[in-house]
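Participant: Encoded as structure tokens, here's the structure I'll be asking about.
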Amino acid sequence: MKTYLLFCALLFSFALLSCEDEKLPLNVNKHQKFEGSFKVKTDTKAYNQSGISTLEISNGYYKGTTYGGVLSAGKLTVTSNKITFMDTVFKAYLTHIVPPTSLNGTYDYAFDGNRLEIGNKHGSDWVETHSFKLKN
């Protein structure tokens, strides 16, 4: 009887573990190219935008494009659930007044080995999300 209960407990545990979404850490030192899309939604709908975005990472650095080709590049750090982009490309507009137009700042992320999803809520009225697919 104890063996049967142990077997059932193990079987139940394996079933639960197999139901969870697999989340892998993003390796910032590996050269990887991603293509995808972005969305910015605001409560006021004044700046709602969407479009194509790209991201390339290698050796702790990144470069990417969003918003019709706006370039961002710089250092990249990753923890278990946060990704931080430190954009060093000079931009001649004030990004703190309107929604961001480049990958910059700290985002939540999820990576399953093929898809990279990042998102950030800025203030109380707008949300930025990016959905990428690994190209290499």
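Participant: Six or more apart or on different chains, Cβ atoms under 9 Å: show the pairs whose first residue is in region 54-68 and aromatic (F, W, Y) and whose second is exposed (fewer than 15 other Cβ atoms within 10 Å of the Cβ).
Facilitator: Close Cβ pairs (under 9 Å, with a partner that is exposed (fewer than 15 other Cβ atoms within 10 Å of the Cβ)) amount to Y61/K75; Y62/K75; Y67/G51.
Participant: When you go through (1) of a type outside the set (D, E); (2) surrounded by fewer than 17 Cβ atoms within 10 Å (Cβ to Cβ); (3) at pLDDT 80 or above one by one for T65, which number turns out not to apply?
Facilitator: (2)
Participant: Looking for whichever is under 22 Å from V28 (Cα atoms), modelled with pLDDT under 95, surrounded by 14 or more Cβ atoms within 10 Å (Cβ to Cβ) and of a type in the set (V, I, T) here; the options are T79, T129, T88, T42. Which one fits?
Facilitator: Answer to the check: T129.
Participant: Can I57 be described as in a strand (DSSP E or B) and over 24 Å from W126 (Cα atoms)?
Facilitator: Criteria met by I57.
Participant: Out of region 116-126, which residues are more than 11 Å from G36 (Cβ to Cβ) and modelled with pLDDT of 85 or more? Full working, then the answer.
Facilitator: Of all residues in region 116-126, those more than 11 Å from G36 (Cβ to Cβ) come to 119-126.
G119, N120 - these are the residues of region 116-126 that are more than 11 Å from G36 (Cβ to Cβ) and modelled with pLDDT of 85 or more.
Participant: If G113 passes every condition in (1) more than 21 Å from L24 (Cα to Cα); (2) modelled with pLDDT of 85 or more but one, which one does it miss?
Facilitator: Here G113 clears every test but (1).
Participant: Report, ordered by the first and then the second residue, all pairs with beta carbons closer than 9 Å, sequence separation of six or more or different chains, a first member in region 21-46 that is under 12 Å from N114 (Cβ atoms), and a second member that is modelled with pLDDT of 90 or more and surrounded by fewer than 11 Cβ atoms within 10 Å (Cβ to Cβ).
Facilitator: Once the first residue is under 12 Å from N114 (Cβ atoms) and sits in region 21-46, its partners that are modelled with pLDDT of 90 or more and surrounded by fewer than 11 Cβ atoms within 10 Å (Cβ to Cβ) give E22/G113; L24/G113.
The values are calculated or read from the model by the stated rules, or taken from the named source; none is laboratory data. Note that the coordinates shown come from a computational prediction; the quantities given were computed from them, not determined experimentally. Cβ: placed from backbone, ideal geometry, glycine included. Neighbour counts: every protein chain shown.
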